[in-house]
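**Student:** Before I ask anything, let me first share the structure, which is written out below as structure tokens.
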Amino acid sequence: MVGMKKMERGEIHILLVDDDEAMREIGQEILKKSGYLVIVAKNGIEAIKIAHSHPQAFDLVVTDFNMPSMNGKELTQQLLSILPDLQVIISTGGSPMTKEELQAWGVSALLKKPYTQKELEDVVQQVLDHADKKKTDAHNTSISHRCNFHT
């Protein structure tokens, strides 16, 4: 990958949004132990404030779906209007959303609650790997369009 460097875990900032203090603490602990840098917000409004004040401060968001004031769908839409390439994982205990709905909202993955350490780690890694692959593919496409290759 010319000019493309895969980010290491210690360089990846994750915004964790959940109105349940226990879930925030558990999620934060799991992600920190996994080597990620974690920023927490207790609701969507706080998360939007963080996004506005530090627009490049995080690479991925893990958000609860059912929160007062602003649900996960509304938060995702607002965050993506600020950071269109942001990866979003929605965490929920039982909201019946289809894969098509999630994709239409710009959500990268769904994480069912309650989740285990392995489930959270796996979904975060899968989303980051997928985003990294998309960036690499876009970079390679850009190079091939700029260069005139003759075979």
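**Student:** Where does the charge balance sit around N66 when Lys and Arg score +1, Asp and Glu -1, over other residues with C-beta under 12 Å from its C-beta?
**Tutor:** So the environment of N66 carries a net charge of -3.
**Student:** So what's the range 9-146 giving for Cα Rg divided by 2.2 N^0.38 Å, two decimals?
**Tutor:** Relative to the rule-of-thumb radius for its length, the range 9-146 sits at 1.03.
**Student:** Please report M23, M67, M97 as a ranked list, fewest other C-beta atoms within 10 angstrom at the top and most at the bottom.
**Tutor:** Sorted ascending by nearby Cβ count, the order is M97, M23, M67.
**Student:** Then there's this: Take L83 and K42, extend 7 Å from each Cα along the Cα→Cβ direction, and tell me the distance between the two endpoints in nm.
**Tutor:** 2.2 nm
**Student:** Can you tally the net charge around D19? Count Lys and Arg as +1, Asp and Glu as -1, for every other residue whose Cβ sits under 9 Å from the Cβ of D19.
**Tutor:** Computed value for this residue: -2.
**Student:** Ok, one more. In whole Hz, what ³J(HN,Hα) sequence does the range 74-85 give by Karplus (6.51, -1.76, 1.60; θ = phi - 60°), x for Gly and Pro?
**Tutor:** Running phi through 6.51 cos²θ - 1.76 cosθ + 1.60 with θ = phi - 60° gives 4, 4, 4, 4, 5, 5, 5, 6, 8, 10, x, 8 Hz.
**Student:** Need one number: nm distance between label points at E25 and A104, each 7 Å from Cα along Cα→Cβ, rounded to one decimal.
**Tutor:** 3.9 nm
**Student:** Once you list every other residue whose beta carbon is under 14 Å from the beta carbon of L79, what net charge do they have if Lys and Arg are +1 and Asp and Glu are -1?
**Tutor:** Result for the local shell: -3.
Laboratory data are not the source of any read-out in this text; all were calculated from the coordinates shown. Predicted model, so just to flag it, every value in this text is computed and none were measured. As a convention, Cβ positions derive from the backbone with ideal geometry for all residues, glycine included, and neighbour counts pool all protein chains shown.
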